[in-house]
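Enquirer: One structure is given below, represented as structure tokens, and several questions about it will come after.
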Amino acid sequence: MFEIKGIFENWTLTISTLIMLKNIFLLLTFSMIFISCRDDDENIGSVASINPEEIIDTTDIVTPIGFTPLRLTKLTQRINGSIYGQSSQKFAYDDDRIIAVDAEDENKVRYEITYEDQELKEIKAFNIETKELISRDSFSHNEEGMISKIFLFEKHYSGERVSLKNIKYFYYDDSLQLSRMSFYNIFSGKIDGYNQYTWENGNVIQIDHYSHWDQLLHSFAYSYDDKINYKKDIPIFLGDPLNWSANNYIQTYWSDFLGDLLRWCWPCDFEYIYNDQGYPTFTKDIFDRHILLEYE
């Protein structure tokens, strides 16, 4: 139902286990979606089994202020802490805005980022070696400057032209906080499903996943640290609203009403090491992926 892609999906497991692990991994972390558009520009609730008071740290969460924002320059991932299977992303800036990201793994992809009137316009992905356009995300904004739609263009196999596959619709409440995101499938011509978001202290504390017929499928609850979320405002991470949170999530619980998730951990804990400015320099997830972060 939810088509998610990430840069780092390198697991050598049995097929059945891989599928189950991938489902929970995608739903827990929402790995960044890098999808894009056509080259010719013509196409352009509450959950009964979750008690937030029991699982969410209600301590006031205050994002550090008064620091000069650091620029993320490199993100390096290692599986089980080993250099084998290592991949990285390097960030290039024009003044204080990210204009390109080079993903150095077996695919060697460059993401070129453009803006219009101070708003994010699109993210194009190219194969560094062949210069071939792989994908493009096109962004629309509402009158308040919030993301209202993302047009997701991609191709499913080599030789296919990049074309529109899906659209994400974003809906906000009266306080301009995201309340819902819907997934529109171009092929089927209908909404595949939607997510509902609950916020507290600038963080997403619960995400409910619904089918297109309004059946609750999964629900996730998150607790946070009081440090700066390194993914916030980074263009390539904006496709997943969980990354809009002010702080870094450190623990999550979930309820599986569909029965398709493997309880790999419950709760699931995420580890961080921070620098003096409150930015993470090291993270470790439930699959023992180590991520090293560099700033300037």
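Enquirer: Quick check: the distance between the Cα centres of segment 103-140 and segment 152-189, to the nearest angstrom?
Expert: 16 Å
Enquirer: With a 10 Å Cβ neighbour count serving as the proxy for reagent exposure, in which order, fewest first, do Phe220, Phe187 appear?
Expert: Ordered by Cβ neighbours within 10 Å, fewest first: Phe187, Phe220.
Enquirer: Near Lys121, which lysines are there with a Cα under 21 Å away, not counting those fewer than 8 places off in the same chain?
Expert: The qualifying lysines are Lys5, Lys90, Lys131, Lys149, Lys155, Lys165, Lys168, Lys231, Lys232.
Enquirer: Give me P(r) over segment 239-296, computed from all C-alpha to C-alpha distances, binned every 5 Å, as integer percentages.
Expert: Values per bin, smallest distances first: 4, 14, 20, 23, 21, 9, 5, 3, 1.
Enquirer: Next question, about the same structure. For segment 114-233, what does the equivalent ellipsoid look like in terms of its semi-axes, each the square root of 5 times an eigenvalue of the Cα gyration tensor, given largest first in whole Å?
Expert: Equivalent ellipsoid semi-axes, largest first: 28, 20, 15 Å.
Enquirer: Most exposed first by the Cβ proxy, i.e. fewest other Cβ within 10 Å, how do Arg78, Arg263 rank?
Expert: So the residues, fewest neighbours to most, are Arg263, Arg78.
Coordinate-derived values only; no laboratory data. These figures come from a predicted structure and were not determined experimentally. With ideal geometry, Cβ positions are generated from the backbone for all residues, glycine too; neighbour counts draw on all protein chains shown.
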